[in-house]
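What follows is a set of notes on a single structure, which appears directly below.
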Amino acid sequence: MEFNNVNKALKDFGKYVVQQSKSILTKDKKGGGDLYNSIKYELNKDEKGYILEFYFEDYGIFQDQGVKGANPSKVSPNSKIKGQQAPNSPYRFGSGTKRGTFEKFVNKMTVFAKSKNLRFRDKKGQYSKGSYKSMGYVVAKNIYNRGLKPTYFFTKPFKRAFKRLPEELINDFVLDIEQAINIRTKK
């Protein structure tokens, strides 16, 4: 028996979650990016049923759920953002669950600082001396200590779509059964 309506409902679910996830990511910045471009889903059917899988870059889970800071008390008192950014996150900087070095993180933040043209400023607001590498270090240290605020770019759309999925699936399953019965009775 073919479950075309159930198949369509699951595909629509996957498309909705991907589209909404990308929409949330683009609210903060223009265009795509590696994370934006990596979001996709696959729907497969095997002998036991349907398998719906979502994919995105590894670091996307940290962006979605946030990351606890290693030590918020070490954040500069001049920082505009203070305190723990993700107190309920299952992830924490410095916990060692994902491999990476602080130097690699600084290098990525250096590229980020350069792309956003982040520069040091004096008290008058004028640019002062300091390389992008130095700015990358300051940004990386600040993020490492205070954490990353969760965006829930994937979690929110998934939960919204999941709430309405059971009713749609039941209706589509019934529709598929009715169509199968109609086809058999016509034969």
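There is no residue in the stretch 164-185 that is small (Gly, Ala, Ser), surrounded by 13 or more Cβ atoms within 10 Å (Cβ to Cβ) and at pLDDT 85 or above. Among the residues of the stretch 124-162, the ones that are of a type in the set (S, T, N, Q) and assigned to a helix (DSSP H, G or I) come to 4 in all. For the subset of the stretch 95-123 comprising residues that are in contact with a strand residue (DSSP E or B) (Cβ under 9 Å, 6 or more places away or on another chain) and part of a loop (DSSP other than H, G, I, E, B), which member is surrounded by the most Cβ atoms within 10 Å (Cβ to Cβ)? Per the stated criteria, the residue is Arg119.
Within the stretch 18-37, residues that are exposed (fewer than 11 other Cβ atoms within 10 Å of the Cβ) sit with their Cβ atoms under 8 Å from residues that are modelled with pLDDT of 90 or more, at 6+ positions apart or across chains, in these pairs: Asp28/Thr151; Asp34/Glu57. For Tyr132, the requirement of being in contact (Cβ under 8 Å) with a residue 60 or more places away in the chain, of a type in the set (Ser, Thr, Tyr) and either assigned by TED's automatic domain parsing to the domain that holds Val75 or farther than 30 Å from Tyr16 by Cα (or both) is not met.
The residues in the stretch 59-93 that are assigned to a loop (DSSP other than H, G, I, E, B), at pLDDT 80 or above and within 12 Å of Tyr144 (Cβ to Cβ) can be counted, and the count is 4. When Glu57, Glu53 are checked against the criterion of being touching a Leu at 6+ places or on another chain (Cβ under 6 Å), among the charged types (D, E, K, R) and under 20 Å from Tyr152 (Cα atoms), Glu57 stands alone in meeting it.
On the stretch given as the stretch 36-51, residues that are hydrophobic (A, V, I, L, M, F, W, C) and modelled with pLDDT of 90 or more total 2. Among the residues of the stretch 26-75, the ones that are within 26 Å of Gly96 (Cβ to Cβ) and polar (S, T, N, Q) come to 5 in all.
The values are calculated or read from the model by the stated rules, or taken from the named source; none is laboratory data. Keep in mind it's a predicted model, so treat the numbers as computed, not measured. Note that each Cβ is placed from the backbone with ideal geometry, even for glycine, and that neighbours are counted across all protein chains shown.
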